[in-house]
Amino acid sequence: MEYINYSLLETKKEQLHKEWHEAKPFHYIVFEDFFTPEAAALLLKNYPTIEGEGWDNTTYINQRNKFTMTKFANPAIGQAFEEFNSAKLLKIIEYITGISDLVADEKLFGGGLHQSIKGAFLDVHVDFNYHPETKYHRRMNILVYLNQDWKQEYNGFLELWDMETKTQLAYVAPNFNRCVIFETNEISFHGHPKPLQTPEGISRKSLAAYYYTKERPNTEIAQDHNTIYVNTEGTGGLLKNLKSGAKALIERVKDKLD
């Protein structure tokens with residue numbers, strides 16, 4: 001059974017191509033039903049609990065309570081990422097975006113399963129721009145959410161920003177089986193900076209895959225850099241980061257003592 005809803009992508013690819021190229025100042029699309037209904041239900045059923053092993057949870061100044069997993073014991077999760085890396089998907093995505101010769105990242109640097117719990121946030125940022133091993137150019141992100149009955153008061157909405165005009169371009173609910181694809185460059189600012197306000201037992205779940213090319217247009221090339229964060233929340237954002245920085249420092253000291 002194929003997990004990705006290829007028939008839907010083929011049907012919608014002309015419209016998605018149009019939406020991608022109309023989005024400014026950087027390209028992105030949002031659409032529903034990335035996985036088939038059966039596959040989406042299976043992935044949610046097999047999504048690892050936050051109490052399980054294999055999660056990395058490191059607090060930084062600009063992110064907190066975000067857990068990441070890149071190695072999967074569960075075959076259902078493993079198959080999903082195999083399809084993210086498949087030539088079949090890349091061919092469709094290349095058509096939609098116009099970005100040719102995309103290369104998947106089997107090691108999932110920065111990608112994989114992402115799960116966030118109450119209090120979690122990820123400040124608005126642009127991503128690191130070169131693969132740490134191959135040094136290929138990072139060109140595109142795919143995010144697929146697995147959250148049923150997500151409520152607005154939970155926060156955790158994906159924000160896309162034009163930082164030149166300080167304008168929010170999109171405010172995307174992380175709804176079940178919703179897919180967001182956006183290009184990664186020096187102006188593709190995104191994040192979910194508002195701390196999660198989820199009830200006990202509810203987390204924000206997603207799958208993330210990143211894609212690269214060996215070359216990119218000269219006008220888009222920048223010096224090698226890590227993730228670059230910006231504050232879109234004024235004084236409240238600064239206070240939030242101070243608290244997160246203090247927690248990160250305590251964790252580092254504790255790790256050294258242990």
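All of the numbers you see were taken from the coordinates with simple rules; none came from a lab. Note that this is a predicted model, so its numbers are computed, not measured. All Cβ positions, even for glycine, are placed from backbone atoms using ideal geometry, and neighbour counts span all protein chains on display.
For the range 215-223, 3J(HN,Hα) computed residue by residue from phi via the Karplus equation (6.51, -1.76, 1.60; θ = phi - 60°) reads 10, 8, x, 4, 5, 9, 6, 10, 5 Hz, glycine and proline entered as x. Put a plus charge on the Cβ of each Lys and Arg, a minus charge on the Cβ of each Asp and Glu, and nothing anywhere else: the dipole of the range 37-120 about its Cα centre is then about 280 debye. Using only the Cα atoms of the range 69-203, build the gyration tensor, take square roots of its eigenvalues as a ≥ b ≥ c, and label the shape rounded, prolate or oblate: rounded if a/c is under 1.5, else prolate if a/b is larger than b/c, else oblate. Oblate is the answer for the range 69-203, as a/c is 1.5 or above yet b/c matches or exceeds a/b. In the chain, a dipole from Cβ-located charges (positive for Lys and Arg, negative for Asp and Glu) runs towards its positive end, and of HIS192, TYR136, MET1 it is HIS192 whose Cα lies farthest in that direction.
Taking 20 Å as the straight-line reach from the Cα of LYS240, the aspartates and glutamates in range (excluding those fewer than 8 positions away in the same chain) are ASP123, GLU153, GLU159, GLU251. Our coupling estimate for the range 157-174, obtained by passing each phi through the Karplus curve with A = 6.51, B = -1.76, C = 1.60 and θ = phi - 60°, is 6, 6, 10, 10, 10, 9, 7, 5, 9, 6, 10, 7, 7, 8, 9, 9, 5, x Hz, Gly and Pro reported as x.
Of all lysines in the structure, those lying under 17 Å Cα to Cα from LYS107, and not within fewer than 8 positions of it along the same chain, are LYS71, LYS135, LYS214. The local environment of TYR212, defined by Cβ-Cβ distances under 15 Å, has a net charge of -4 under the rule Lys, Arg +1 and Asp, Glu -1.
Karplus-based coupling profile of the range 229-235, in residue order and whole Hz: 9, 10, 9, 9, 10, x, 4, with θ = phi - 60° in 6.51 cos²θ - 1.76 cosθ + 1.60 and x standing for Gly or Pro. Taken about its Cα centre, the chain carries a charge dipole of about 620 debye when Lys and Arg each add +1 at the Cβ and Asp and Glu each add -1 at the Cβ.
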